[in-house]
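Okay, structure first, notes after.
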Amino acid sequence: MTLARTLRSVAELEKARLMPAGSSGSPVARVGERYAVAVTPAVAALIDGNDPNDPVARQFIPDVAELTVLAEERADPIGDLAHSPVEGIVHRYPDRVLLKAVHVCPVYCRFCFRREMVGPAGLGTLTPEELDTAIGYIAAHHEIWEVILTGGDPLVLSARRLREIMERLAAVDHLKVVRFHTRVPVVEPERIDADLIEALKASGKTTYVALHANHPRELTAPARAACARMIDAGIAMISQTVLLKGVNDDAGVLAELMRAFVENRIRPYYLHHPDLAPGTSHFRLGLNEGRALVEQLRGRISGLCQPTYILDIPGGHGKVPVLSPAVQDSGDGCFRIVDFRGGQHLYPPQPVSEPYEAQG
Ligand SMILES: *Cc1c(COP(=O)(O)O)cnc(C)c1O
Ligand code: SF4
């Protein structure tokens with residue numbers, strides 16, 4: 001299907017036949033009221049309307065299961081707010097910070113870990129004063145070696161705005177690496193033009209782009225070409241994938257995805273265990289199921305194709321590799337986890353209860 005523009009509601013998706021007739025009058029309409037919805041023309045073109053279990057549709061089309069919220073799920077699953085010294089900055093690890101300039105995305109993923117912060121009703125875009133304060137924070141903290149632009153999706157910003165941010169970061173001597181986390185090369189590949197690519201580079205700094213993609217079908221010819229344009233211009237690329245039930249919880253699919261990254265000069269970086277975002281339990285598998293899948297990749301595909309399987313410890317305690325001695329199976333459905341500072345945590349966090357219906 002070829003669309004002229006991005007679809008932004010259950011009613012628009014229904015009209016485009018990406019959701020069944022009657023959806024806008026059924027309970028799933030409440031999902032569209034509660035969480036942001038956006039499907040770009042490139043994503044709509046990828047959806048196979050004849051497959052009720054299409055792995056692309058599952059990532060972007062609202063599902064009534066999103067109204068079921070579990071007790072262990074949290075509005076801020078990885079604890080961004082607990083580590084935010086000034087608006088737009090998350091400083092959890094000594095040598096690197098997140099800079100969240102914008103809370104808008106070209107698409108809205110149904111499993112998004114920041115679903116309570118992104119979208120039209122989310123935290124919005126930093127004001128010029130807030131951006132000044134955020135960059136001032138980076139300049140004042142000499143231990144910051146890397147800035148990670150995330151959000152939201154920083155590549156929704158215009159080339160002019162990105163260039164402004166990069167020029168200001170270029171003036172910070174102790175900063176060496178700028179990393180962008182984005183889905184744009186896949187979901188809106190035409191945006192990656194020469195102007196935008198130049199804007200991502202800053203003299204004296206190394207630019208990395210981490211591409212978020214979850215299924216090999218997302219790496220279409222236009223998406224591959226968009227990545228090649230960035231890499232040819234001197235930008236290094238890495239991947240990040242969220243392990244999702246019904247999308248890529250299969251060793252064959254993961255192997256194909258990781259190979260596609262490597263074939264396109266994108267080094268597999270992280271495979272994220274899905275976070276405890278509200279209304280996303282239909283996407284989550286157990287840590288042991290994830291471990292079994294990742295272990296199957298080891299013998300099956302090249303070492304270049306091996307991502308690190310990562311859990312972000314709920315509450316803001318940082319990331320931990322799931323296949324490490326820091327994550328111990330207690331055998332009763334519970335894991336004991338040690339964070340990078342030595343703190344101890346249970347996963348899933350207690351208490352665990354029966355599903356209940358979300359309010360409004
Ligand atoms: C994920 C994350 C990072 C980046 O972690 P890496 O392991 O370097 O990729 C940095 N800061 C915060 C707050 C994060 O959540
Ligand atoms: S692109 Fe990232 S931040 Fe945006 S909706 Fe998807 S997971 Fe969330």
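A few remarks follow.
- Average Cα contact separation per residue, the chain, under 8 Å, 6 or more apart, as relative contact order %: 18 percent
- Charges were assigned to the Cβ only: +1 to each Lys and Arg, -1 to each Asp and Glu. The resulting dipole of the chain about its Cα centre is roughly 660 debye.
- Calculated FRET value between H142 and Q296, using beta carbons and R₀ = 51 Å, to 0.05: 0.70
- Under 5 Å between amide hydrogens, built in the peptide plane, is the criterion, and for M237 it picks out V209, R267 among residues at least 5 positions away or on other chains.
- Alpha carbon centroid spacing (whole Å) that separates region 313-329 from region 85-162: 24 Å
- Of the peptides 340-348, 252-260, 81-89, the ranking by mean beta-carbon count within 10 Å, highest at the top, reads 252-260, 81-89, 340-348.
- Integer Hz, Karplus 6.51/-1.76/1.60 couplings in order for region 87-100, x for Gly and Pro: 3, x, 10, 10, 10, 9, 10, x, 9, 8, 10, 8, 10, 9
- Using a Förster distance of 25 Å, the FRET efficiency for Q328-D95 (Cβ separation, nearest 0.05): 0.35
- Cross-link reach is defined here as a Cα-Cα straight distance under 17 Å, omitting same-chain residues fewer than 8 places apart; for K205 the lysines meeting it are K176.
- A simple packing score, the average count of other Cβ atoms within 10 Å per residue, orders the peptides 289-302, 312-325 as 312-325, 289-302, with the highest score first.
- Candidates A210, A44, A251: whichever shows maximal mean-square fluctuation once the chain is modelled as a Gaussian network with Cα springs under 10 Å: A251
- When each of the peptides 47-57, 229-239 is scored by the mean number of other C-beta atoms lying within 10 Å of its residues, the order from highest to lowest reads 229-239, 47-57.
- In the chain, helical runs assigned H by DSSP with n ≥ 4 each contribute -39500 (n - 2.57); averaged across all residues and rounded to the nearest 500, the mean residue ellipticity at 222 nm is -8000 deg cm²/dmol.
- Within the straight-line cut-off of under 19 Å between alpha carbons, the lysines reachable from K319 are K100, sequence neighbours fewer than 8 places apart in one chain being disregarded.
- Cα gyration tensor, region 63-203 - rounded (a/c under 1.5), prolate or oblate: oblate
- Computed from the C-beta positions of Q350 and A4 and an R0 of 51 Å, the FRET efficiency is 0.55 to the nearest 0.05.
Read the figures in this text as sums done on the coordinates, not as results from a lab. Model, not experiment: these values are computed from the prediction. FYI the Cβ positions are ideal-geometry reconstructions off the backbone, even for glycines, and counts take in every protein chain you see.
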